[in-house]
Amino acid sequence: MNTVRTIDLWTEQHINHYECFNGAFVDGVEEGSLPFDTYKIVKNCNCIITTNNENINISNKHHAICFYKKKIPVRLVVLNRDTDIEHCIGIALNQFISGGGVS
């Protein structure tokens, strides 16, 4: 098994935090180049995440999306367990990117 030494980490601050999904799916997108080529949704992750930040509402049995580039994990999004993942992904994938901005 290979060890992942560095990863672009995104953490959803509240349930259905669309801005987190929007950023995670388009950050690093350039004309003709994508920062990832596949992603995988992982439900009910069984790990303990602790934080001193009251705004981060993540606990054991959360969900995640792992993004890969050439089968190597490059980005991880940690999600609240009650987030509607498919709906949020749908919003993120329907963004219009033009002239360096997202709308």
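The values are calculated or read from the model by the stated rules, or taken from the named source; none is laboratory data. If you're wondering where the values come from, they're calculated on a predicted model, not measured in any experiment. So basically every Cβ, Gly included, is an ideal-geometry build from the backbone, and we count neighbours across all protein chains shown. Side chains included, ligands, DNA and RNA excluded: accessible areas come from the protein's heavy atoms. Shrake-Rupley method; radii C 1.70, N 1.55, O 1.52, S 1.80 Å.
General observations
- Filtering the range 83-103 to residues that are at pLDDT below 90 and either part of a loop (DSSP other than H, G, I, E, B) or of a type in the set (Lys, Arg) (or both) leaves Asn94, Gln95, Phe96, Gly99, Gly100, Ser103.
- The set of residues in the range 1-52 that are assigned to a strand (DSSP E or B), open to solvent by less than 50 Å² (accessible area, probe 1.4 Å) and of a type in the set (Phe, Trp, Tyr) is empty.
- Cβ-Cβ contacts under 7 Å between residues 6 or more apart (or on different chains), taken from a first residue in the range 20-39 that is under 13 Å from Ala92 (Cα atoms) to a second residue that is in a helix (DSSP H, G or I) and among the small types (Gly, Ala, Ser), are listed as Phe21/Ala92; Asn22/Ala92; Phe25/Ala92.
- If only residues of the range 68-78 that are among the aliphatic types (A, V, I, L, M) and within 17 Å of Val26 (Cβ to Cβ) are counted, the one that is surrounded by the most Cβ atoms within 10 Å (Cβ to Cβ) is Val77.
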